[in-house]
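Take a look at the structure below.
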Amino acid sequence: MWGFSRERVRNGPIVALFHDMEQRSTYLIIIAVLVCTAGYLGFKVSQQGTTIEVQTGTINAGEIERQSLDLDLQKLRFSYDTLQTENSLMMAEMAAQRSEIEDLIGKVRDRNYSVSKLKKEAGTLRKIMQGYVVTIDSLNQANIVLQAERDAMAQEVTEVRQRNDALVQKQDNMEEIIEAGRVLQAMDLNPMAIRVSSTGSQRETSRAKRAEMIKTCFTLLENRIAEKGERTLFLEVLDPSGQIMPPGDRSPVAMSGGVPASAARVLDYAGEQMEACIFFTADRPFEPGVYTVHLVDGQERIATTDLILR
């Protein structure tokens, strides 16, 4: 035992040295493990941070993309609203496309649908709208051409109608001229008061109380376009008060249209100049004053003059 104790005493520093070295190695190992663990944990934390940043960036980019798609869809809806056409079939189709755009806007804001799929559908609707634009523009151009042609046609119809109206008016004027030309023309209308002597001879007088009748002579001018054959000429004798004097025998004498006349005579007119006279006998004595005498052909007064009786 003693010997052992001396040996132990003799070897004590060495053992202590080894013991210290062993403790240091353990500490170093522990420190190394802690450092590695801390490094690993730091790496993991850094990796998680990077992942979060990437995911956050992805989320933000997706949100921006959704907002951009939402804005594009609203613009597309506005574009559909501005399309104007009178084609009922196209109007129904555009209403259906606009309804699809409203549905896509709802899906974009719902965030439960794929943005890429929604963008694809929006692209399809945009292409359809562009096709509508081209079609409507073509229809508008065709309508402009048709409107121009219609306006030109209407203008031509108006011009033709105006020419026809002018021709009709000219024809009416010609007919009026011809009709007026058919009316006889007279000159040298000469009324005179006549008293008849016991022998039957006629004498002119200017005294009203001696006058028994009015003899009116005149000259008919040549008229090649007037109707030939028997023609009735009328005489209107207006007394000083302006009233038409009826025939002396009370036999009604009327012109065309039932207009009363004082006297009438049928002539055989050959279109050449001729002279004639018409006699008027009053139903009452003549009074002093101015008598107006009209020679009438048909309903036209072709000559007028006055007769003064004292």
Using the count of nearby Cβ atoms within 10 Å as a rough guide to exposure, how do TYR40, TYR132 rank from fewest to most? TYR40, TYR132
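Between beta-carbons, use under 15 Å as the cut-off and find the net charge around LEU189, counting Lys and Arg +1, Asp and Glu -1.
Combined, the nearby Lys, Arg, Asp and Glu give -3.
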Estimated vicinal HN-Hα couplings, Hz - segment 292-301 in sequence order (Karplus 6.51, -1.76, 1.60; Gly, Pro = x): 9, 10, 10, 9, 10, 10, x, 10, 9, 7
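By its C-alpha gyration tensor, with a ≥ b ≥ c as the square roots of the eigenvalues, how is segment 186-309 shaped: rounded for a/c under 1.5, else prolate for a/b larger than b/c, else oblate?
Verdict is prolate for segment 186-309.
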Under 5 Å from the placed amide H of THR292, counting only residues 5+ away or on other chains, we find LEU238, LEU307
Return the sequence-ordered ³J(HN,Hα) values of segment 231-240 in whole Hz as given by the Karplus equation 6.51 cos²θ - 1.76 cosθ + 1.60 applied to θ = phi - 60°, using x for Gly and Pro. 9, 9, 9, 10, 10, 10, 10, 9, 6, x
Tell me, what ³J(HN,Hα) does each residue in segment 81-86 have, in order and in whole Hz, if you take phi through Karplus 6.51 cos²θ - 1.76 cosθ + 1.60 with θ = phi - 60° and put x for Gly and Pro? 5, 7, 6, 10, 7, 9
Checking rank on 73-85, 232-244, with mean other Cβ inside 10 Å and highest first, the result is 232-244, 73-85
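How charged is the neighbourhood of GLU63? Take every other residue with its Cβ under 14 Å from the Cβ of GLU63, and add Lys/Arg as +1 and Asp/Glu as -1.
0
Between GLN141 and LYS117, what's the calculated FRET efficiency when r is the beta-carbon distance and R0 is 30 Å? Round to 0.05.
0.20
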Taking a straight Cα-to-Cα line shorter than 30 Å from LYS127, and setting aside same-chain lysines fewer than 8 residues away, one finds LYS75, LYS107, LYS117, LYS119
Along Cα→Cβ, 7 Å out, is where each label goes; now give me the distance between the ones at ALA95 and GLU63 in nm to one decimal. 3.9
For LEU71, placing the label point 7 angstrom along Cα-to-beta-carbon and taking segment 114-146, residues whose amide nitrogen sits under 17 Å are 119
In a shell of Cβ-Cβ distance under 11 Å around PRO240, excluding PRO240 itself, what net charge do Lys and Arg (+1) and Asp and Glu (-1) give? -3
For a label point 7 Å along the Cα-to-beta-carbon line of GLN299, residues of segment 217-254 with backbone N under 16 Å: 234, 254
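No lab work stands behind these numbers, since they all come straight from the coordinates. It should be emphasised that the depicted structure is a prediction, and the values quoted were computed from it without experimental measurement. Every residue, glycine among them, receives a Cβ derived from its backbone with ideal geometry; neighbour counts consider all protein chains shown.
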